[in-house]
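Each value in this text was obtained by applying a stated rule to the coordinates, not by laboratory testing. Bear in mind the structure is a predicted one, so any value in this text is a computation, not a measurement. Don't worry about glycine lacking a Cβ; one is built from the backbone with ideal geometry, like all the others, and counts go over all protein chains shown.
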Amino acid sequence: SAVISQKPSRDICQRGTSLTIQCQVDSQVTMMFWYRQQPGQSLTLIATANQGSEATYESGFVIDKFPISRPNLTFSTLTVSNLSPEDSSIYLCSVEGMGGEKLFFGSGTQLSVL
Amino acid sequence: RKEVEQDPGPFNVPEGATVAFNCTYSNSASQSFFWYRQDCRKEPKLLMSVYSSGNEDGRFTAQLNRASQYISLLIRDSKLSDSATYLCVVNWGTYKYIFGTGTRLKVLA
């Protein structure tokens, strides 16, 4: 299994500001995934981040709102920009385990927007 | 039809009971299936993979029915600590995982 360090664990932000979430993995991985989990809902994939190329965004998510960096094979950041109360969610980073199956998750970032 | 569908529950069961959850999926080409456990405000954690032959891990048994396109999770001798949300996850292709909405389980003393 992979060990993923995600921070911050929680934050309270003002409307219109941005929050950057960091994920550090203890091994090199090809892909990193960013998910959003809105209150009472399941996980929705925001984007897939590959080192050295632009992230691939799912329908309904755009780069201007959720810019992602992937500078190397162990690290990624997700920024949630121009925050509104609707962005209040848990954000999770994830990687596949060895063998390409099974997802492992960071501990999540609980974002509250006032 | 939803891609991955679960009964949201909650399933309220007494300690020691046996409880089963089902999860249906719409993509007949899916190859990998998983059950995750998620505690309140925590990240999902892999409980078990689901294989065609079925698999068992202690009190937990997972099975796959490809013909009817569903997977199941059986928990025997429920413990208070089993109270959580159980997420069904289906691999939809390369780097693509679809999550069910989860089934809430409450084990009562």
Given the structure, is A:Ser81 out of contact with any Gly (no Cβ under 9 Å at 6 or more places or on another chain) and under 29 Å from B:Glu3 (Cβ atoms)? yes
In the stretch A:51-94, the residues that are in a loop (DSSP other than H, G, I, E, B) and either among the aliphatic types (A, V, I, L, M) or within 14 Å of chain B (Cβ to nearest Cβ) (or both): A:Gln51, A:Ser53, A:Ala55, A:Glu58, A:Ser59, A:Val62, A:Ile63, A:Leu73, A:Leu83, A:Ser88
Looking only at residues in the stretch B:92-109 that are over 14 Å from B:Glu5 (Cβ atoms) and at the interface with another protein chain (Cβ under 7 Å from one of its Cβ atoms), which one is surrounded by the most Cβ atoms within 10 Å (Cβ to Cβ)? B:Tyr97
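Condition check ((1) over 28 Å from A:Gln6 (Cβ atoms); (2) small (Gly, Ala, Ser); (3) part of a strand (DSSP E or B)) across all residues:
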position	(1), (2), (3)
B:Val13	yes, no, yes
B:Ala17	yes, yes, no
B:Thr24	yes, no, yes
B:Ser28	yes, yes, no
B:Phe34	no, no, yes
B:Leu47	no, no, yes
B:Tyr86	no, no, yes
B:Leu105	no, no, yes
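Taking the conditions exactly as written (touching a residue at least 12 places away in the same chain (Cβ under 8 Å), closer than 15 Å to A:Gly108 by Cα, in contact with a strand residue (DSSP E or B) (Cβ under 8 Å, 6 or more places away or on another chain) and not basic (Lys, Arg)), does A:Ser9 satisfy them or not?
Here the answer is yes, as A:Ser9 does meet what is asked.
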Taking the stretch A:29-45 and keeping only residues that are facing another protein chain (nearest Cβ under 7 Å) and surrounded by 20 or more Cβ atoms within 10 Å (Cβ to Cβ), one is left with A:Ser42, A:Leu43
For the stretch A:77-97, state whether one or more residues are crowded, with 20+ Cβ neighbours inside 10 Å, farther than 20 Å from A:Val29 by Cβ, under 11 Å from the mean Cα position of the chain (by Cα) and in contact (Cβ under 8 Å) with a residue 60 or more places away in the chain. yes
